[in-house]
Amino acid sequence: MLILTCPCCGQTGEETEFHAGGEAHLTRFGPGSSDDDFEGYLFMRENPKGVHFERWRHVYGCGKWFHAARCTMTLEVFGTYAAQTTEPPQELRDKISAKRPGWSWGAFS
Amino acid sequence: MSETVTALNGAVWSKGIATITEAPLQGMITLRGDLSISAIKKAAKTATGMAVPGPGKATVDGDTGLCWMSPDEILVLCPYSQVAETLDKMTAVLAKTHALAVDVSDARAVFQVSGPLARDVMAKLAPVDFSADAFAPGMFRRSRMAQVAAAFWMPDADRFQIVCFRSQSQYMFDLLKVAAQPGSEIQKP
Ligand SMILES: [Zn+2]
């Protein structure tokens, strides 16, 4: 069971109060993109054992979207942050590095 | 003028560990907009005479109040008979602001769970910490109760006020009755 704190309203709840929105920080490739880029955007996903970044929505609460960093193995939530960003904040990355030295995920580490 | 009634006609059930009551008609106005803008704060104040509460808080006095719903939404409570009048006043204040004020009174139902074991009933239904330190009068929370969305606050130490969708009122009433059935105490009163 994940315990998430919504960065938009500040409430802490367990995961059934939220809705998972899939992998975070995808770059969208639409009409006019190459076949490889479009295929990657549609189908290719990280599937890590360990540090992972996802989108979540506080569906039964304030209704807002946000990002969460968590460990897929232990379900530890490292932190949550605003939806309006294309990468995890440095502060959060440092916090993850302290707990999971050498972690990497997509282009981030 | 048609005679308006609540979804369950004021149903009451008091055979269990807490009393479940469907509250009378409650005026509810959804106010959406940037809560930091003065016109929004003024609209809320014009409607209720109260200041906009902070996140997770509600200021409620009887059937008048303001509840913090999200970073861009306030639930305005007012007497049911005064909704149109209140809405007119708010709309005038918001004339030049990007905002929305809508009467949602008839889209919702309101329930009360009361008694010394009201916390037990709530704790069975929502994934929220209902210990006295964690949830107290003055606080406001949106969450789920079993399978439906709900928002709630405590008018006093032994009472919860719950708002849900009107179409789910029978489900909510039945749910609360099951959670309050005799012999289902979690803690001793
Ligand atoms: Zn939230």
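Just so you know, all these numbers are worked out from the coordinates, no wet-lab data involved. As the structure is a computational prediction, the values presented were derived from the model and not from experiment. FYI the Cβ positions are ideal-geometry reconstructions off the backbone, even for glycines, and counts take in every protein chain you see.
Per-structure values
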| quantity | calculated |
| --- | --- |
| Enumeration of residues in segment B:110-161 that are farther than 21 Å from residue B:178 by Cβ and touching a Ser or Thr at 6+ places or on another chain (Cβ under 7 Å) | none |
| Qualifying residue in segment A:66-76 (condition: over 23 Å from residue A:104 (Cα atoms), of a type in the set (Phe, Trp, Tyr), within 16 Å of the ligand (Cβ to nearest atom) and within 14 Å of another protein chain (Cβ to nearest Cβ)) | no |
| Test: residue in segment B:72-86 that is part of a loop (DSSP other than H, G, I, E, B), more than 16 Å from the ligand (Cβ to nearest atom) and either under 30 Å from residue A:2 (Cβ atoms) or not aliphatic (A, V, I, L, M) (or both) | no |
| Members of segment A:31-54 found to be buried (at least 18 other Cβ atoms within 10 Å of the Cβ) and either more than 23 Å from residue A:16 (Cβ to Cβ) or within 14 Å of another protein chain (Cβ to nearest Cβ) (or both), listed by number | A:51 |
| Selection within segment A:55-84 - out of contact with any Leu (no Cβ under 7 Å at 6 or more places or on another chain), surrounded by 12 or more Cβ atoms within 10 Å (Cβ to Cβ) and β-branched (Val, Ile, Thr) | A:59, A:72 |
| Within segment A:47-65, tally of residues that are in contact (Cβ under 8 Å) with a residue 40 or more places away in the chain and of a type in the set (Lys, Arg) | 1 |
| Out of A:28, A:57, sole residue that is more than 14 Å from chain B (Cβ to nearest Cβ) and charged (D, E, K, R) | A:28 |
| Output for segment B:129-165, where each listed residue is of a type in the set (D, E, K, R), farther than 21 Å from residue B:26 by Cβ and away from chain A (no Cβ under 11 Å) | B:133 |
| Those residues of segment B:1-15 which are over 30 Å from residue B:84 (Cβ atoms) and touching a Leu at 6+ places or on another chain (Cβ under 9 Å), in sequence order | B:13 |
| Of residues in segment B:37-71 being away from every other protein chain (no Cβ under 14 Å) and assigned to a loop (DSSP other than H, G, I, E, B), the one surrounded by the most Cβ atoms within 10 Å (Cβ to Cβ) | B:52 |
